[in-house]
Amino acid sequence: MSALKHGQPWTTRELAHVREYCPLVGAHAVAVVLGRSERAVRQFAYRHGIAVNEPPRPKGTPKPAPKISVDTDESDIYKLHHCDLPIEQAALRLYLPAGILAIHYDVPISKIWEIRRAAKLQPKAETPVPVPARQTVPARPWKTTEVAYLREHYAKDGAIAVAKKLGRTQAAVQLAARKYKLARNIRGLEDVRSHCDIDPADCDACWIFRGAHNTQGLPVIHGKSGRRVVWKMSRGQAVPSDHSVRMTCGGQSCLNPEHMRKITKRKIFKENRNNCNDFLRAERQKATAIRNGNVKLSAEIARAIRSSQEDSGFLAARFGVSRGWVNAIKRGVAWKGGSLAAGL
């Protein structure tokens, strides 16, 4: 028989054992039974043309020990050979690969896997964990001053503004408003007008809504989009789900039905993608700048600059703007007709 280099010679019994069990249970199990290294078994099987096919391990079976001690009194191998254990106890109590147990009991390796898998899937008896009862925190009572502020400002400012002022949640303010019968009943366009700031001198003025707004700064009526609610009130039909309402004036808080135009969301997406909505964006920037006091000029100053015959540098120094901006106003590119966004 051939022998490995720097190893003990192989016997005929070991060769028969390798030929019989290597294709079934793999080289690791055979190496543990024969007391040799797994590398030596693989080299020996390769020299004699013996296939070493490790069966695939199914999910849910424990991983065998990487190393097994020698046949001593304390080892699992000793217990397997000298203790008359049933196959069920050996599969669960001995920390041995399934291939060794299959060789010892002369059963398919799948039998060992089934025993271990069935034991692992058995539910464990767990003591129920006592869940403490939920402690409810009583609501903070409303003071007389808070109720007076709520009566005065709820209909005008909305629940969000009142909640920020009083340091309460929006839901608490709305519950208190229903309790004290302060609900803002907006049923028609007249009710909408009563909650808006409108310039009486301008027949086509914006209706600046004083009520609640969402996080994007758009009006909200009864928890819905204010634009859609006003559109339904004025036109008698709701806005389809694939459409949106756009304000031609560019004001976010405006609810004037005459300024509303219906547009598809697909068209809005194309405009935003192609960056074609410059006019409305500039109008919003103008309104924000005027509201924050960041505008140096006005429509009257623009008309004075356009009608003046003085030098552009002198006008720029007087009004605190650049010379290029003064030239743009004179050419009619900027502040054309009193609009900051005119000419775009």
- Residues of segment 118-134 being at pLDDT below 80, under 29 Å from Gly26 (Cα atoms) and open to solvent by less than 100 Å² (accessible area, probe 1.4 Å), which ones? Ala119
- Message: If I filter segment 229-260 down to residues being open to solvent by 70 Å² or more (accessible area, probe 1.4 Å) and under 30 Å from the mean Cα position of the chain (by Cα), which single residue comes out as nearest to Ile198 (Cα to Cα)?
- Response: Gln252
- Query: Can you tell me which residues in segment 171-183 are closer than 24 Å to Arg227 by Cα, at pLDDT 80 or above and exposed (fewer than 15 other Cβ atoms within 10 Å of the Cβ)?
  - Reply: Ala171
- Message: Suppose we keep only residues that are loosely packed, with under 15 Cβ neighbours inside 10 Å and closer than 19 Å to Leu101 by Cα within segment 38-58. Which one would you say is modelled with the highest pLDDT?
- Response: Asn53
- Query: Does Gly226 qualify as being open to solvent by less than 40 Å² (accessible area, probe 1.4 Å), at pLDDT below 85 and of a type outside the set (D, E, K, R)?
  - Reply: no
- Query: With respect to Ile115, is the statement that it is out of contact with any strand residue (DSSP E or B) (no Cβ under 8 Å at 6 or more places or on another chain), buried (at least 16 other Cβ atoms within 10 Å of the Cβ) and either farther than 22 Å from Arg13 by Cβ or at pLDDT below 75 (or both) true?
  - Reply: yes
- Mind checking which pairs have a first residue in segment 82-93 that is open to solvent by 60 Å² or more (accessible area, probe 1.4 Å) and a second that is assigned to a helix (DSSP H, G or I) and modelled with pLDDT under 80, Cβ under 9 Å, 6 or more apart or different chains? Glu88/Ala119; Leu92/Ala119; Arg93/Asp76; Arg93/Lys79
- Message: Test of understanding: among Ile160, Ile198, Ile186, which residue is surrounded by fewer than 18 Cβ atoms within 10 Å (Cβ to Cβ) and closer than 13 Å to Ala212 by Cα?
- Response: Ile160
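The values are calculated or read from the model by the stated rules, or taken from the named source; none is laboratory data. Since the model is a prediction, treat every value here as computed from it, not as a measurement. With ideal geometry, Cβ positions are generated from the backbone for all residues, glycine too; neighbour counts draw on all protein chains shown. Ligands, DNA and RNA are excluded from the accessible area calculation, which covers all protein heavy atoms including side chains. Shrake-Rupley method; radii C 1.70, N 1.55, O 1.52, S 1.80 Å.
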